[in-house]
Structure formats: C-alpha cells, structure tokens
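Report on the structure given below.
The values are calculated or read from the model by the stated rules, or taken from the named source; none is laboratory data. Fair warning: this is a prediction, and the values are worked out from it, not measured in the lab. With ideal geometry, Cβ positions are generated from the backbone for all residues, glycine too; neighbour counts draw on all protein chains shown. For the accessible areas, the whole protein counts, side chains as well, though only heavy atoms, and no ligand, DNA or RNA atoms are used. Shrake-Rupley method; radii C 1.70, N 1.55, O 1.52, S 1.80 Å.
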Amino acid sequence: MGSEHAVTSDELGQISDPTQRLAATIQFRGQLDLASVATSTPSQLVQRLKNFEQTNAVEASRYLAQFSSSEVSEIRHLWITNALWLQATPKRLIGLLNLPSVQSISISHSANEPETSLHSNEAFSGEAETGKTVSSSSADGMPAWGIQKVGAPQAWKRGFQGQGVLVALIDSGVNYRHPDLRPNIWKNPGEWGNDAHGNLKMNNQIDDDRNGYIDDIMGWNFETDSNQIVDYLGHGSATAGIIAGNGTAGRPTGVAPQSRLMALQIGAGRGPQIMQLQIWEAIQYALVNHAQVISMSLTLSQANRTDALLWHRIGQILLAAGIVHVNSAGNSGEQSSGQLSIPASNPSPWYPAMEPNLAEYSHRTATLTVGATDREDQVRPYSSFGPVFWSVLSPESVTKLATGQSSQTFTKPDLCAPSGVPTIAVSGNGYTASFGGTSAAAPHVAGAVALLLSARARLTPSQIAEALVSSSLPMPARTGHRCGAGRMDIIAALDYVTKFF
C-alpha cells in the first residue's frame, strides 16, 4: 500500500487532469464504541456498524447526489471501517474533504505490483513439484501427510469433522465442482429453493435475501462483482482442499471434511486499493452471512499508519462478533524479523501474560497467525516471524513500530502447521502433488478451528486460540520464536477444550 496515501486539498488541486476520476477511500470521523455492543449478537453488531456508518455518511451522500457518473461513480459503503469507497474527480474529492464529517481521503495511484501477497511459496515459484497433478484414479486413499501430522483423522474418529461450521475462504476462487468439495460448498439459504413465481432463486436475477448481492448462492466474486466463482490461479482451490477436501475422489486432503466453505473471491493483481477494497467487502460479506471462521492466506505489504490502524480495528470487530480469523504469516523468512505485514501482525485473541492491565478488547483481535513446518516438524526457511507491535492504537505507536523504537512487542506467528502438502487441483477431479508456503499452513489451522467448534459450538475465539496455542507441540529451542508456541496438535487441543472449557 505504498502507492496509497492521504491527500490534502492542495494536492488534489494540483492534479493535471481535472476530469480524471480517482479511486479514493473517504474515512469518516470516529468509530463505533465496541464496548457498547459487548453483549450484542453478531447480527446486532453488524446492524450497529451499518447504522453508525450511514449516520456519518449522510452529509457526504447528500453532497455526492448532486453529481453525474462522469464525476462520481462506484460508491461503496465500507461500514466495517466507517468509510466510503468511490471514484471521483479531484474537484469533488476536495468538496468531500471540506465536509466536517470527513476525517481524511486516501487515493490510490497505479502500481506495477499488487499490494497483496498470496502466501504460497513452493506451489507457484517452482520450488516443489509445480504443475504436477495426480489423477483421482491413481490416488491411494490415504489422507495427505499434513492432516495426518496434525491429528485430524483421530479427531474424525471421535466424531468431530467440522460439521455445521461455516468457513469463509477469502482467496483467488475455488474449484467448487471438485467431488471432494462439492458437498461442502455453502448454499446461501436466502438464495436457495424457489421464489414466489416458481423460479429458482439461485438464478432469478433477484436479491432474494436482500443482502446486496444478486444470486449469491455460494458466495461472491469481488473481483468481477458477480456470483461467478472461478479460480485462474489455483491458490484458492488448494487452500479450500486443505480445509474441507473430503477424499471422495480418492485422497482426503481436508482437516474438516464436513465443514462448509463460503467462496469469497478476490483479485490477485488489479491494483493496490482495489485489492484492499475487495478484501474488506469480503469480510463484510462473511460477517453478514454468519461465517464462524475466516481463512486468509495473504497479507498486504508496505502498510501505512492509517491502514495498520484500520486492519487492527477490523480484527477487533471480528473478535467482538465471535469469528476466528486465521491468517498466514508470510513467506519473507529472515527478512520479516523486524515487522510482519498486516493483518498477520494483529494481536492474537489470547495473550494472558501480556499487558495485564489492558481492557479486554483494547488491543486483542480475532487474528491467529500461522507459520509453516515440514514433514520433520522443522520450520520452513521462508516462514515469516515477528516480533511485532502490541500497542497499535495510536499513530505514535505505529511510527515507533516502523522505526523499531517500541519495547511493547509480542511474537508472531502464534503457531505453525504443515506446508508442502497434497491438495485438490485447480480444475478437474485430481490433486496437486505439493502446495506450499504459509498459504498451506493457515488452512490447516482454519480446519482445526472448525473441528473444535464442531466439538464445542460455543467456544469463543479467545478459548479456541488458548486451546490451540497451549496444546501445540513445542519446537526445538534453536528455532526461537519462529514457530510461536509450536506445531499445531488437534488431539491435544481437543483434550485441552474438554479439560478447561
């Protein structure tokens, strides 16, 4: 996000082409006090957030209504951050910036590289078996080594397979036709069945459930703004297979083979602020449609101060809603040792030994950050690690983070999980021989969260984080904090839940 920055009226006035529409985020003043909604249901929380943003946006909406689409277009409400996103000419942005309700305006300039890093290392860099596909007919029926390593098959024998748990996958798309995933793809109940005219809701071109999305039967494609889910990269299909691949075609690859997957597709290279916009909208969708887990194998690099604070805020909202956000740590290895990218750098839901005098929701977020290990439980060399900053609420704190001046730090990742594992292929019914990077590690943990919730539905994000972190297999001392608490062990986590919750 180095190509995005807050602007002044003078800067906007100096733009050479006054007819150019700029992509801009209009940030309103203030945020909803989460303490005031501490006892709210997730649906009530969402409504309060929407109402708060709509109240703040009244003045801007009246102003924008005066102008044609040649000056203002594509207005989108980002109630999760109390903001609007739009395309507008410099003159109209200056008008917005002068409104009392507007705190700041950030604009995005074109960039050659995307701001978002999808955290697959081996599968797309050529470091391990890129492009090799094992046909379903030659699969041996044995669970992938990664899910064996973390103890998933033993959890299934106890009756816990993620049943009834909805996981929102924010990624490059999903091969939803794969027989290992087809039964587990979420069907939006508001778009299922027949409408009053006897037509199938899933393709009647009507927003039957009035959630703002037409015929969103399995999720939404935020890159094309449509219900057409595809996966040109294969990244999302691979992570989906690690969460929920049930082995119908011959090889179990999923930790939680009876969980449901909500497909939320984002673009992988459409420009910096477009990418962030898509992710924020996908998170909003997950909140509105009652996801219990969010799995994201990506981070956003070169975070500026405003974005770091907003991502921290989003993590707090997810925590308040009872959603566990699982995020990959990144693939920068030693280069990451000074600072992780956002949102992997967000504080965990559970840090009992840190900052004991803090209010319960003052700093903690819903984010569990995951590093990568190999077959021998060694940390992958590329797996990113902290320390990162704890007190990210003030601008001064973020400045200290960037300059290494703060002593209030904690370590990330929170724990590690396998990578370089078999999973489903991007197309057809087969399997990819090896999918790596911390992209592969994070969905192992997302699947484990689904298993824990299928065992004990009322577990909070803090309890889930405590169980997973406290029961992880310790790593050798020489690895330091590169693997957090250690490599995830699902059976130990289930036993921890049984004992303490």
**Asked** Does GLY245 fit the bill of being touching a Pro at 6+ places or on another chain (Cβ under 9 Å) and surrounded by fewer than 24 Cβ atoms within 10 Å (Cβ to Cβ)?
**Response** no
**Message:** For the condition in a helix (DSSP H, G or I), out of contact with any strand residue (DSSP E or B) (no Cβ under 7 Å at 6 or more places or on another chain), surrounded by 20 or more Cβ atoms within 10 Å (Cβ to Cβ) and at pLDDT 95 or above, what is the one hit in ALA465, ALA448?
**Reply:** ALA448
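Conditions (1) part of a helix (DSSP H, G or I); (2) within 25 Å of MET275 (Cα to Cα); (3) at pLDDT 95 or above, marked per residue:
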position	(1), (2), (3)
LEU12	yes, yes, no
ALA24	no, yes, no
ARG48	yes, no, yes
ASN56	yes, yes, yes
ILE80	no, yes, yes
**Request:** Working only within the stretch 434-445, note down all residues that are among the hydroxyl-bearing types (Ser, Thr, Tyr) and assigned to a strand (DSSP E or B).
**Result:** SER434
**Request:** Determine which member of the set ASP171, ASP207 is charged (D, E, K, R) and within 23 Å of the chain's Cα centre (by Cα).
**Result:** ASP171
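Here's the yes/no breakdown for (1) touching a residue at least 24 places away in the same chain (Cβ under 8 Å); (2) over 21 Å from PHE222 (Cβ atoms); (3) surrounded by 15 or more Cβ atoms within 10 Å (Cβ to Cβ); (4) more than 26 Å from the chain's Cα centre (by Cα):
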residue	(1), (2), (3), (4)
GLY13	yes, yes, no, yes
ALA23	yes, no, yes, no
ILE26	yes, no, yes, no
ALA35	yes, yes, no, no
PHE67	yes, yes, yes, yes
SER70	yes, yes, no, yes
TRP79	yes, no, yes, no
PRO100	yes, yes, no, yes
SER104	yes, yes, yes, no
**Prompt:** Any idea which of GLN163, GLN154 is surrounded by fewer than 19 Cβ atoms within 10 Å (Cβ to Cβ), within 16 Å of VAL449 (Cα to Cα) and within 22 Å of the chain's Cα centre (by Cα)?
**Reply:** GLN163
**Prompt:** Would you say LEU84 is in a loop (DSSP other than H, G, I, E, B) and either open to solvent by less than 40 Å² (accessible area, probe 1.4 Å) or of a type in the set (Val, Ile, Thr) (or both)?
**Reply:** no
**Asked** If you check LEU34 against the conditions, is it under 18 Å from LEU287 (Cβ atoms) and at pLDDT 95 or above?
**Response** no
**Request:** From (1) over 21 Å from ARG76 (Cα atoms); (2) in a loop (DSSP other than H, G, I, E, B); (3) modelled with pLDDT under 95; (4) open to solvent by less than 30 Å² (accessible area, probe 1.4 Å), pick out the condition that doesn't hold for GLN316.
**Result:** (2)
**Request:** Mind counting the residues in the stretch 177-198 that are farther than 20 Å from SER259 by Cβ, open to solvent by 80 Å² or more (accessible area, probe 1.4 Å) and out of contact with any helix residue (DSSP H, G or I) (no Cβ under 9 Å at 6 or more places or on another chain)?
**Result:** 2
**Complete:** Listed by first then second residue, the pairs whose first member lies in the stretch 481-496 and is in a strand (DSSP E or B), whose partner is surrounded by fewer than 19 Cβ atoms within 10 Å (Cβ to Cβ) and among the charged types (D, E, K, R), with beta carbons under 8 Å and at least 6 positions apart or on separate chains, are ARG487/ASP377
**the stretch 211-229, residues that are in contact with a strand residue (DSSP E or B) (Cβ under 7 Å, 6 or more places away or on another chain) and either outside any strand (DSSP E or B) or among the aromatic types (Phe, Trp, Tyr) (or both)** = TYR213, MET218, TRP220, PHE222, GLU223, ASN227, GLN228, ILE229
**Item:** Tabulated pairs, the stretch 145-168, first within 11 Å of PRO418 (Cβ to Cβ) and without any contact (Cβ under 8 Å) to a residue 60 or more places away in the chain, second of a type in the set (Asp, Glu) and surrounded by fewer than 16 Cβ atoms within 10 Å (Cβ to Cβ), C-beta under 8 angstrom, 6+ apart or interchain
**Value:** none
